[in-house]
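What follows is a single structure, written as structure tokens, with notes after it.
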Amino acid sequence: ENGKRTFVMIKPDGVERGLVGEIVSRFERRGFKLAEARMMRISRETAEEHYAQHKGKPFFGELVDYITSGPVFAMILEGEGAVQLARAMIGATNPANAAPGTIRGDYARSVEANVIHGSDSDESAEREIRRFFGPQA
Ligand code: DAT
Ligand code: MG
């Protein structure tokens with residue numbers, strides 16, 4: 001069953017701006033199955049773990065502040081090639097480089113507040129699903 005699901009999370013700016021419905025609709029229309037979804041607050045500990053690869057970078061502190069600043073909308077999306085397809089729909093990290101038609105290209109206003117997270121490999125998808133939805137998910 002490798003490569004059939006991914007973890008996607010609408011970040012606090014996306015939730016605050018009321019973009020949850022539009023973003024979920026995009027994934028549904030593209031053929032993803034919304035397997036699980038939940039609004040949640042992330043603890044600093046979980047945020048630091050989630051972004052561990054960026055520890056030590058100048059933006060790390062602000063990244064953790066931002067992702068813990070309000071509720072996020074976390075999802076498990078199922079579909080063929082889920083990780084890669086969701087990343088393609090999400091677009092480039094920096095909205096200045098994100099193509100129109102991608103989620104960040106259409107909605108993101110800055111690299112810091114770029115609306116949405118998507119797992120970058122099958123391994124990180126499984127790790128992130130466990131982190132945010134627990135070991136049974
Ligand atoms: P992505 O979210 O596209 O996987 P990433 O894993 O490289 O990108 O970085 C995680 C998040 O960290 C990203 O969504 C926004 C923030 N970030 C990355 N590079 C940054 C930078 N140069 N300045 C500020 N924030 C940055
Ligand atoms: Mg990443």
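For the chain, averaging the sequence separation of C-alpha pairs within contact (under 8 Å, six or more residues apart) and dividing by the residue count gives a relative contact order of 37 percent.
Let me know the shape class of the chain, please: from the alpha-carbon gyration tensor, a ≥ b ≥ c as square roots of the eigenvalues, rounded when a/c is under 1.5, otherwise prolate if a/b is greater than b/c, or oblate. The shape class here is rounded.
Whole-Hz Karplus values for region 43-48 come out as 6, 4, 4, 5, 4, 5 Hz, taken residue by residue from phi with 6.51 cos²θ - 1.76 cosθ + 1.60 and θ = phi - 60°; glycine and proline positions read x. Apolar share of the accessible surface for the chain: 46 percent from carbon plus sulfur atoms, 1.4 Å probe.
Each of Leu34, His50, Phe60 was placed along the dipole of region 25-65 (beta-carbon charges, centred on the mean Cα), and the one lying farthest toward the positive end is Leu34.
Per residue, how much accessible area does region 1-118 show when a 1.4 Å probe rolls over the protein heavy atoms, in square angstrom? Don't skip to the end; give the middle numbers.
Values: 6160 Å² over 118 residues.
Computed with neighbouring chains in place, this is 52 Å² per residue.
Solvent-accessible surface of protein heavy atoms, probed at 1.4 angstrom with all chains present, puts Glu128, Glu36, Glu62 in the order Glu62, Glu36, Glu128, largest first. Take the residue pairs Lys33/Lys57; Lys11/Lys33; Lys11/Lys57 and return only those whose Cα atoms are more than 29 Å apart. With Cα atoms farther than 29 Å apart: Lys33/Lys57.
The values are calculated or read from the model by the stated rules, or taken from the named source; none is laboratory data. Values in this document were obtained by computation on a predicted structure and should not be read as measured data. Quick reminder, even Gly has a Cβ in these numbers, built from the backbone with ideal geometry, and neighbours come from all protein chains shown. All accessible areas refer to the heavy atoms of the entire protein, side chains included, with ligands and DNA or RNA removed. Shrake-Rupley method; radii C 1.70, N 1.55, O 1.52, S 1.80 Å.
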